[in-house]
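The values are calculated or read from the model by the stated rules, or taken from the named source; none is laboratory data. Note that the structure is a prediction, hence the values are computed from the model and not measured. Every residue, glycine as well, gets a Cβ built from its backbone with ideal geometry; the counts of neighbours run over all protein chains shown.
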Amino acid sequence: MNVATQKPVLIVTGTDLASEALDMLRDFDVVYAGRTPTESDLIALCSTHQPTAIIVRYGKVNAAVMDACGGHLQVISKHGSGIDVIDQKAAAERGIAVRAAVGANAAAVAEHTWALILACANSVPQLDVRMRAGHWDKSTHKSLELAGRTIGLVGLGAIGRRVAAAAQAFDMRVLAFDPYAKEAPAGVTLVGLDELFSSADIVSLHCPLTDENRHMINAQTLGTFKPGAILVNTARGGLIDEPALAQALSSGKLLAAGLDSFDVEPMPSPHVFQGIPNVILSPHIGGVSDAAYVNMGKGAAANVIDVIDSHARSAAYS
């Protein structure tokens with residue numbers, strides 16, 4: 001509680017929130033942690049302000065950060081859908097709710113997925129570089145035409161389903177693996193992961209990162225991919241064994257890869273990917289669009305308010 005304002009404190013691990021979200025949070029004293037807050041930054045800030053809520057944009061929230069809140073913290077709300085940056089076990093042990101703005105950036109991530117797929121299939125960045133250097137590669141270049149090809153989606157949530165719908169518009173065959181999906185949209189065939197890897201011309205990742213699927217894309221699984229396949233990851237970097245992927249790209253096993261997330265973020269420099277011409281890199285911005293920024297902020301704010309109100313109602317009846 002901020003004694004001066006008598007408002008509960010909400011810390012944002014970033015520098016801003018959409019104005020629409022701030023309007024929803026007018027009963028909170030909002031404190032920003034900065035663009036790239038470290039663990040020590042967050043511990044110091046939480047020790048000082050004793051927040052009731054944290055909205056996570058950047059960085060990680062672990063047990064030490066939670067404990068620095070002095071027992072006041074009720075909810076950790078993700079500005080987006082990926083809650084792997086929050087120690088969920090530690091939160092559960094402390095009775096702290098963890099929430100995600102599920103689906104708030106689904107359209108943006110799906111669109112960026114297709115930006116990467118099309119850029120890989122058509123060598124867009126590479127041709128741009130060649131053109132700027134004075135080359136005209138019309139007689140030697142061939143794009144990978146998508147019509148009639150197979151795309152394999154690992155994860156069939158809000159993002160995966162949007163990617164699937166676009167794939168069907170491209171006249172592609174759509175396979176999907178999702179152990180939690182009870183049914184698939186029309187035109188999408190649910191298959192096992194091994195079949196997906198061996199059958200797909202394009203493999204696109206749309207699943208959360210867990211202890212069980214960390215480095216699911218590794219030397220062994222990459223060995224089962226079709227020669228000349230494309231891999232796209234707009235989910236979590238930890239899903240991929242990066243040295244193994246670098247080898248598959250350099251050897252020609254894969255035609256290309258489009259990556260928007262990395263095992264360590266920001267991606268360290270130098271990095272092996274920087275020297276590989278057939279990988280397209282973007283700095284985890286798949287969900288960062290004008291509309292998604294607003295939707296994620298509003299979703300994160302709504303989750304905070306819901307948990308705080310629920311606590312207040314419980315206290316009133318106890």
Checklist entry - L118 fails exactly one of the following numbered conditions: (1) closer than 30 Å to H141 by Cβ; (2) buried (at least 17 other Cβ atoms within 10 Å of the Cβ). What is the number of that condition? => result (2)
Next on the checklist: Looking at segment 233-250, can you tell me whether even one residue there is among the hydroxyl-bearing types (S, T, Y), closer than 30 Å to G103 by Cα and under 14 Å from the mean Cα position of the chain (by Cα)?
Outcome noted: yes
Checklist outcome for this item: Result of the Cβ filter at 7 Å on segment 60-89, keeping first residues that are over 20 Å from V102 (Cα atoms) and partners that are modelled with pLDDT of 95 or more and hydroxyl-bearing (S, T, Y), at least 6 apart or interchain, is A68/S47; H72/T52; L73/T52
Checklist entry - Just for segment 9-25: of the residues that are under 22 Å from the mean Cα position of the chain (by Cα) and surrounded by 18 or more Cβ atoms within 10 Å (Cβ to Cβ), which one is nearest to T48 (Cα to Cα)? => result I11
Checklist entry - Are there any helices (runs of 4 or more DSSP H) wholly within segment 187-288 with 2 or more residues that are closer than 25 Å to S143 by Cβ, and if so which? => result 193-199, 242-250
Checklist entry - Do we have any residue at all in segment 26-37 that's at pLDDT 95 or above, over 20 Å from the mean Cα position of the chain (by Cα), of a type in the set (D, E) and assigned to a helix (DSSP H, G or I)? => result no
Checklist outcome for this item: Taking segment 155-171 and keeping only residues that are in contact with a Gly (Cβ under 7 Å, 6 or more places away or on another chain) and part of a loop (DSSP other than H, G, I, E, B), one is left with D171
Checklist entry - Taking into account only those residues within segment 270-318 that are surrounded by 12 or more Cβ atoms within 10 Å (Cβ to Cβ) and of a type in the set (S, T, Y), which is farthest from the chain's Cα centre (by Cα)? => result S310
Checklist entry - If you take the residues of segment 26-53 that are touching a Leu at 6+ places or on another chain (Cβ under 7 Å) and buried (at least 21 other Cβ atoms within 10 Å of the Cβ), which of them is farthest from I86 (Cα to Cα)? => result F28
Checklist entry - Checking L17 against (1) modelled with pLDDT of 95 or more; (2) farther than 18 Å from A302 by Cα, which single condition isn't satisfied? => result (2)
Next on the checklist: I'd like the full set of residues that are in contact with a Lys or Arg (Cβ under 9 Å, 6 or more places away or on another chain) and either closer than 17 Å to G187 by Cβ or of a type in the set (V, I, T) (or both), limited to segment 121-170.
Outcome noted: G148, R149, T150, I151, L153, A167, F170
